[in-house]
Every structure is written in C-alpha cells, then in structure tokens.
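Structure, as structure tokens:
The values are calculated or read from the model by the stated rules, or taken from the named source; none is laboratory data. Since this is a predicted model, take the numbers as computed values, not measurements. Using ideal geometry, Cβ is built from the backbone for each residue, glycine included, and neighbour counts are taken over all protein chains shown. Please note that ligands, DNA and RNA were not included when accessible areas were found on the heavy atoms of the full protein model with its side chains. Shrake-Rupley method; radii C 1.70, N 1.55, O 1.52, S 1.80 Å.
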Amino acid sequence: MPKKLIFLTLTTLSTLAFITACATGGGYNPTVFPFEIESDQLAASPIKTVVIPHVNLGIPSRNHLEDVAPRVDARISSYLKANGYKVLPQRQFKQHWNTAVRAFGDPVDPTTGRVNMKTFSQIMQSVRDRFTETTELDAFVFTDLVELEVPFNIGLKHLGRWDGVSRRPSMQGPGTGVSAEFDWSMPAAVASLQVTIFDTELKRVFVSRGGLDATDAIDARSSTGRYIRRRAILENNSFVDEGIALALHPFIEMDKYPGNP
C-alpha cells in the first residue's frame, strides 16, 4: 500500500501582523501543532532503534504525492540517524507487512479507501512479533503526509501559515504577475508531515505535525485568478527539512522551535 495524502480542511487563519521572512526562521508562530508526548514512558524505556513504515497510519487519500513520499521518508531517516537513532531498513517492514496482509487481508477497502482498523491492528501485531523475534526494535515511526487548506492572505507578502511554518505562494504558467482582483482569502492546498510513534507494545508515545509547502500554485494564465496543482511537489528540501524538524519536536528538540513566544 503506497504512502498517500490525507485531505483535511484547516480553519481559515485570521490576518496577522506583517512578517518579513517566508520561512519560519526561528520566530514565534502560533500555528504549531499541539504535540502529545509520553515523556515519563520514554524516559523509562528510551527509544534507540526504529523503523519507518511504508504505509500510512491514517486512511489513504489522493495519489499526487505518492512519488514524493519515499524521498520524504529518506530525509526523515537521515534526520533520525543524525540525532543518534538506529533506523532499520524499510524493506524489512514491507516484507513482514506483505506476509501479514496475505494472512489477514488488505486493511484498505479499494472501493472506499477506508481502513479496517481491526485488520490493521492484527497486521501490526504480526509485524511487531516478527520484528521482535529478530531485531531489537523499539518503535514504529509512522510518517503520514496530510493535505490541508489555508489562504495566503497574511501581510503584504501574502503568506500562508500552518503547522509552524510560513510560506509564500508560487506562480505557475507564462504570466509574471497576479491580477488586482485576485481573491487572497481563497484557500489553497498545502502539505504537512504528521509523525506518530508507537512502541513495541503498540502504545502511542508521540504524535505531532509540521508544515511542508503548498501543493497548489497561482495559475498565471487565469485572468480572474485561481489555484492549480503544482507540477513540482515538495521540491524544496529546506522546507521539507523544516517540516521534519517541527513534526519530530520535542521527541527530537528543534533548534529555534517557533512555538516558543
């Protein structure tokens, strides 16, 4: 089951004061996700070895970020390793997952896209058992890409803010400017990374989310103004890395975390 997006709707953000930078840049950003972390449990049973599943924890959704998900996972793996964690090969998870799917069935209904959580749980228990028989795995790090909607209507730079980041919209097409009639309150699609960590008892010990970048761009060919799907999705590695750091904070402390006023 390829990693896909979950499509959500984010309540329109109120217009805030003028902001000078398009990235977070260490400044306070009130849109940071309200993370949940089991600090006492992590202190008692520290996590050292993890694996990143190739499947979503949530329901499958649109296909337009299928191809970029492995690249994002690779950058997450590098970030975890750089911070002292051992990351087991994802192919090991795939092998155990596929074996369990043959035994219990695919948890995703191909006609509705809905997930049978009972089947999903059975598969994960089987995968966990196979891992603990042969490795010293401590946790599963699920890395779901989720899609939200926000307007780019903040300040003179027309920023969008969500999940701890501030981004400017891009343009796509032969034009060079935006119509004076463009409706900046119109929502555009943006992407975030949601990280959920389960220990080998399959208890959730951490969940958070970090903003990545817009998946829509302003259509430069439109005289009235509209958004269209970007041809290049999440191509800015700096934005992706910022979202990864946000999504894993405070499991891994982020330098200049924007949630601190």
Revision key, fill the gap. For the table 86/256; 118/203; 86/203; 81/118, the rows whose alpha-carbon distance is greater than 27 Å are 81/118
Check your understanding: Counting only protein chains, not ligands or nucleic acids, how are 87, 165 ordered by accessible area (probe 1.4 Å), most first?
Key -> 87, 165
Check your understanding: Counting Lys +1, Arg +1, Asp -1, Glu -1, what net charge surrounds residue 162 among other residues with beta carbon under 14 Å of its beta carbon?
Key -> -2
Review point. Rounded to the nearest 10 Å², what accessible area does residue 97 show when all protein chains are kept and the probe is 1.4 Å?
Key: 10
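Would you rank 73, 40, 109 by solvent-accessible area, highest first, keeping every protein chain in place and using a 1.4 Å probe?
Details: 73 10, 40 135, 109 65 Å².
Correct descending sequence by accessible area is 40, 109, 73.
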Revision key, fill the gap. Given a Förster distance of 25 Å, the FRET efficiency implied by the Cβ-Cβ spacing of residue 109 and residue 229, rounded to the nearest 0.05, works out to 0.45
Practice item. Please calculate the 1.4 Å probe accessible area of residue 104, with all protein chains present, and give it to the nearest 10 Å². Key: 90
Review point. If you rank 124, 171, 117 by how much accessible surface each has, with a 1.4 Å probe, what is the order from largest down?
Key: 117, 171, 124
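Could you state the accessible area per residue of the chain in Å², with a 1.4 Å probe and every protein chain left in place?
Numbers: 12560 Å² over 261 residues.
Normalised by residue count, the accessible surface of the chain is 48 Å².
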Review point. Over region 152-260, what is the percentage of antiparallel beta bridges among all DSSP beta bridges, to the nearest 5?
Key: 90
Review point. Name the GluC sites (Glu not before Pro) in region 172-261 that are in a loop by DSSP and that have at most 16 other C-beta atoms within 10 Å, would you?
Key: 181, 201, 235, 253
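Restrict the search to region 168-229; then list the trypsin sites (Lys or Arg not before Pro) that DSSP places in a loop and that have at most 13 other Cβ atoms within 10 Å of their Cβ.
Filter output for region 168-229: 203, 221.
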Exercise for review: Give me the accessible area of residue 79, 1.4 Å probe, in Å² rounded to the nearest 10.
Suggested key: 50
